[in-house]
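A.B. asks: Following this message is one structure expressed as structure tokens.
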Amino acid sequence: MIELNVKEYSNKLKELNVDHYVVEHPYFKEVEDVLNYCKLTFENGASTLIFKVDYGYIAVIRRDDCKVNLEKLKKAAKTTLLTMATNKEFSSLTGLEPGSARIYIPQVVKTFLDKKIFEKKYVQAGSGSFTSSINYKTSDLINLPNSTIVDVGFIKSASDSILKSHYSILTGITPSGSGEVHIGNYLGAVVPFLELQKQADKVYFFIADLHALTTIQKRDEMQRNVENLVLSYLAFGIDTNKVVFYRQSDIPQHTELQSILNNITPLSLIKRAHAYKDKLQKGTNPEDINMGLFSYPILMAADILLYDPDYVPVGDDQKQHIEITRDVGGFFNKTYGKTFNLPDIFNMKESARLIGTDGKRKMSKSLNNYIAVFAEEKIIRKQVMSCFTDPNRIKATDPGRVDGNPIFTYHRLLNDDKKEVKDLENRYEKGTVADVEVKEKLFQAILTKFKKERELYSQLKTNPERIKMILQSGAAKARLQASKKMMEVREKIGITNKYSSFSYEK
Ligand code: TYM
């Protein structure tokens, strides 16, 4: 083993004239956890991939939001053999544990630096240890021995994850908190949904009103929130000719299936669920947690499994719920024979977990750290103006940090005037623009981005009869599918027999 500790490695980088700084963090094995902890997104991270080629091993450094085009790499590396090193090969070559790869690996014949790395001033990557990472100045990476710049990376997009040529999708949103849709919902769930709906064979979208009962127990609030969400999602361009759009409470089969799934779900699985664990961590007495919250993941599994979707477009915060759905569906299939399709999560890495305006936690309705899409202009302005920026920047003339700064994260994702974003970033880094100008421009960019949707929202609000018809027709179609599935479930679990006369209402 050739283990160099982080200090020695850092000294080596200095010798090679690679400017860098070490960032310490808790023990993390996953890149995603490190980046989340450091409030960075995938585009700010980089990883080293080791490949076996005709003449030994090579390293490829690519940004974490990119994939490598293997054909292009083969050409650039002038090799016919190109296989990824196994964990064992990696460790015996580098002396490091798999997953802790450094950017400088002296044992490789050549290091290929993907071009996209240089779009960032710094990228964060491995240090050889799971408790620290290193921020490398990208323009210095070319000082690494035997390194060369290549154009082999491409940004992973939504369509890369689609494996099936025919697929169905389903997703939902809970009318909790203020019942408003925020830019986190838009980027994390609406954009992937709109992307998927174009090609999908079947599409289900519902308002999870029964889920909201865990926190909303006032009739007026529930009614207001549901209306808000229905109007918001229609205004986003849900294609109601294609999408089955409905309210969860209009389909009693969701709760019926939940009660059946309760019986095959181990308690230990639900005890690990984030929503429940978060409450415990915040000091809530387990005796005071309502059963709705506790069994939330089982209702969610029922919501999904009834419709056999292939993909569920949701943000990262719902990832665990989709895993639980797969587990619960799998237990049922194992016990009673194949009944449910086990779906995959679908999202776009760069916006799957949007940071909130407090700069600390994910954007969320209940944390009040959000920017609403359909609120009055003065409210949106206030939300934008209250956004956390670079805390080390006291005056407008101080150079500021753009990466990991929420206001710039939002600019990059929502401001369609890319030239303006670049200009603001440059001026911010030099200290020639005030925070207030950056925020004002973001506010204007949000209004421009959602102009059409905001107008449509107001129009729809004046036509409740039309909305009612859309939801009625959605519920009728959803009930048809849900009834079909539930008849199959009833049959499998042995509830139906020669004496049964039950059938679902059409
Ligand atoms: P909800 O209402 O909290 O959020 C709706 C959608 O928005 C995504 N989202 C985010 N994405 C990126 N960054 C953020 N900061 C952010 N905040 C929210 C969520 O991941 C979600 O996709 N339990 C679900 C609703 C639900 C559901 C389902 C979804 C009930 N049953 C079945 C899919 C399938 C929820 O409360 O989402």
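A.B. asks: Does anyone have the angle between helix 296-305 and the longest principal axis of the chain? Alpha-carbon axes, 0 to 90°, nearest 10?
C.D. replies: 80 degrees
A.B. asks: Just to be sure I follow the definition: excluding the sites themselves, where is the longest run in the chain that has none of the chymotrypsin sites (Phe, Trp or Tyr not before Pro) in a DSSP loop with at most 13 other Cβ atoms within 10 Å?
C.D. replies: The longest such stretch corresponds to 56-498.
A.B. asks: A further question follows. If you average 1/r over all unlike Cα pairs in the chain and invert the result, what Kirkwood radius do you get in angstrom?
C.D. replies: Working: mean 1/r = 0.0395 Å⁻¹.
Taking the inverse mean of 1/r over all distinct Cα pairs, the chain comes out at 25.3 Å.
A.B. asks: Okay, moving on. With angles folded into 0 to 90 degrees, how steeply does helix 418-430 sit against the dominant principal axis of the chain? Use alpha carbons for both and round to 10.
C.D. replies: That works out to roughly 50 degrees.
A.B. asks: Are any of the pairs 67/419; 88/338; 242/498; 279/461; 39/422 more than 32 Å apart by Cα-Cα distance, and if so, which? Please list the in-between numbers first.
C.D. replies: Numbers: 67/419 26 Å; 88/338 37 Å; 242/498 38 Å; 279/461 36 Å; 39/422 20 Å.
Going by Cα-Cα distance, 88/338; 242/498; 279/461 fall outside the 32 Å limit.
A.B. asks: So, one more: Provide the convex hull volume over Cα atoms per residue for the range 285-396, in Å³. Display every interim value, and only then the final one.
C.D. replies: On the way: hull volume 19.6 nm³, N = 112.
In the range 285-396, the Cα hull volume divided by residue count equals 175 Å³.
A.B. asks: Kirkwood-based Rg over Rh for the range 111-160 (C-alpha set), two decimals? Please report the intermediate quantities before stating the final value.
C.D. replies: On the way: Rg = 12.6 Å, Rh = 12.3 Å.
In the range 111-160, Rg relative to Rh is 1.02.
A.B. asks: Taking amide H positions as placed 1.01 Å from N in the peptide plane, with prolines and chain starts having none, which residues 5 or more places from residue 204, or on another chain, fall under 5 Å of its amide H?
C.D. replies: Those qualifying (amide H under 5 Å, at least 5 residues apart or on another chain) are 169, 170, 171, 244.
A.B. asks: Any aspartates and glutamates with Cα under 12 Å of the residue 29 Cα? List them, leaving off those in the same chain fewer than 8 positions away.
C.D. replies: Partners within reach: 97.
A.B. asks: For the range 13-66, state the average projected area of the convex hull of the C-alpha atoms over all orientations, rounded to one decimal in nm².
C.D. replies: Numbers: hull surface 21.2 nm².
So the Cα hull casts an average projection of 5.3 nm².
A.B. asks: Where q = 0.12, 0.16, 0.21 Å⁻¹, what log10 of I(q)/I(0) comes from the Debye formula for the range 377-456, counting one point per Cα?
C.D. replies: Log10 I(q)/I(0), no solvent term: -0.32, -0.56, -0.92.
A.B. asks: Evaluate the Debye formula for the range 163-322 with equal point scatterers sitting on the alpha carbons, no solvent, and hand back log10 of I(q)/I(0) at q = 0.13, 0.20, 0.21 Å⁻¹, in q order, two decimals.
C.D. replies: Computed log10 I(q)/I(0) values: -0.64, -1.47, -1.57.
A.B. asks: Compute the whole-percent fraction of alpha carbon pairs in the range 4-154 spaced more than 26 Å apart.
C.D. replies: Numbers: 1976 of 11325 pairs.
When all Cα pairs of the range 4-154 are counted, 17 percent exceed 26 Å.
A.B. asks: Going by a ≥ b ≥ c, the root eigenvalues of the Cα gyration tensor, does the range 328-390 fall in the rounded group (a/c under 1.5), the prolate group (a/b larger than b/c) or the oblate group? Could you put the intermediate results ahead of the total?
C.D. replies: Working: a/c = 3.83, a/b = 3.06, b/c = 1.25.
Verdict is prolate for the range 328-390.
A.B. asks: Still on this structure: Is the range 172-218 rounded, prolate or oblate when judged by the Cα gyration tensor, a ≥ b ≥ c being the square roots of its eigenvalues, rounded requiring a/c under 1.5 and prolate requiring a/b larger than b/c?
C.D. replies: Details: a/c = 4.61, a/b = 1.80, b/c = 2.56.
Oblate shape, in that a/c is at least 1.5 and b/c is the bigger or equal ratio.
A.B. asks: Just to compare against my own numbers: the Cα pair-distance distribution for the range 71-202, 10 Å bins, whole % per bin, please.
C.D. replies: Bin by bin from 0 Å, the calculated values are 9, 25, 26, 22, 14, 2.
A.B. asks: Which percent, nearest 5, of DSSP beta bridges in the chain are antiparallel? Numbers along the way, then the final one.
C.D. replies: Working: 26 of 51 bridges.
Bridges in the chain that DSSP calls antiparallel: roughly 50 percent.
A.B. asks: Hey, what number do you get for the chain at 222 nm if only DSSP H runs of n ≥ 4 count, each worth -39500 (n - 2.57), divided across all residues, to the nearest 500? Show your work: numbers first, answer last.
C.D. replies: Values: 20 runs with 209 residues, N = 506.
Calculated from helices alone, the mean residue ellipticity at 222 nm is -12500 deg cm²/dmol.
A.B. asks: Compute the acute angle (0 to 90°) between the alpha-carbon long axis of helix 253-262 and the principal axis of greatest extent of the alpha-carbon atoms of the chain; round to the nearest 10°.
C.D. replies: 70 degrees
A.B. asks: Now a separate question. Rounded to whole Å, give me the distance from the Cα center of the range 435-506 to that of the range 23-102.
C.D. replies: The distance from the Cα centre of the range 435-506 to that of the range 23-102 comes to 42 Å.
A.B. asks: May I pose another question? Can you give me the C-alpha center-to-center distance between the range 304-323 and the range 272-288, rounded to a whole angstrom?
C.D. replies: 22 Å
Coordinate-derived values only; no laboratory data. Worth saying up front: this structure is predicted, and the values here are computed from it rather than measured. Cβ sites come from the backbone with ideal geometry, for glycine too, and all protein chains shown count toward neighbours.
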